[in-house]
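The values are calculated or read from the model by the stated rules, or taken from the named source; none is laboratory data. A quick note: this is a predicted structure, and the numbers were derived from the prediction, not measured. Note: ideal-geometry Cβ built from the backbone for every residue, glycine included; neighbour counts use all protein chains shown.
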């Protein structure tokens, strides 16, 4: 399995107890939707490998108590801490028509309300503080924050992102 065919759901934060359980932090809107999963892919040495679960139970604040098959004590579980958790894209929950996943935006045309079409989404950057749209504008990469006051609407049928760019944002990238 490669990362292009997967989405990140979280990471293993710490060991929980002495029996091989771990606490994972999920970065998903509805953690309870993932309670029935039987396996995840872990990023180990830049390769995704499947790891099978004995249980994966939601806790408060987006945390999960997980137990992996074959990890039956604290020292074995410690080797998992820091690992990133992935699932295949096909396992994403279905969304309403007015909702979207960030990865779906790649290839969409970006239209600013005052400048018109400025380019198409080349990449989505996942920073810890926010997500950014990366697009090519006049030969320069421009980064647009994915925020409600900037991204006004996404039309999945038309493959368009409608935005209101802050004044001066494009000009910052065009300066030499």
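When you check residue 52 against the structure, is it surrounded by 17 or more Cβ atoms within 10 Å (Cβ to Cβ) and more than 30 Å from residue 152 (Cβ to Cβ), yes or no? The answer is no for residue 52. Scanning segment 18-35 for residues that are modelled with pLDDT of 90 or more and more than 13 Å from residue 59 (Cβ to Cβ), we see that the one that is surrounded by the most Cβ atoms within 10 Å (Cβ to Cβ) is 20.
A quick yes/no check of all residues on (1) assigned to a loop (DSSP other than H, G, I, E, B); (2) on the phi < 0 side of the Ramachandran plot; (3) at pLDDT below 95:
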{"position": "75", "(1), (2), (3)": "no, yes, no"}
{"position": "97", "(1), (2), (3)": "yes, yes, yes"}
{"position": "104", "(1), (2), (3)": "no, yes, yes"}
{"position": "114", "(1), (2), (3)": "yes, yes, yes"}
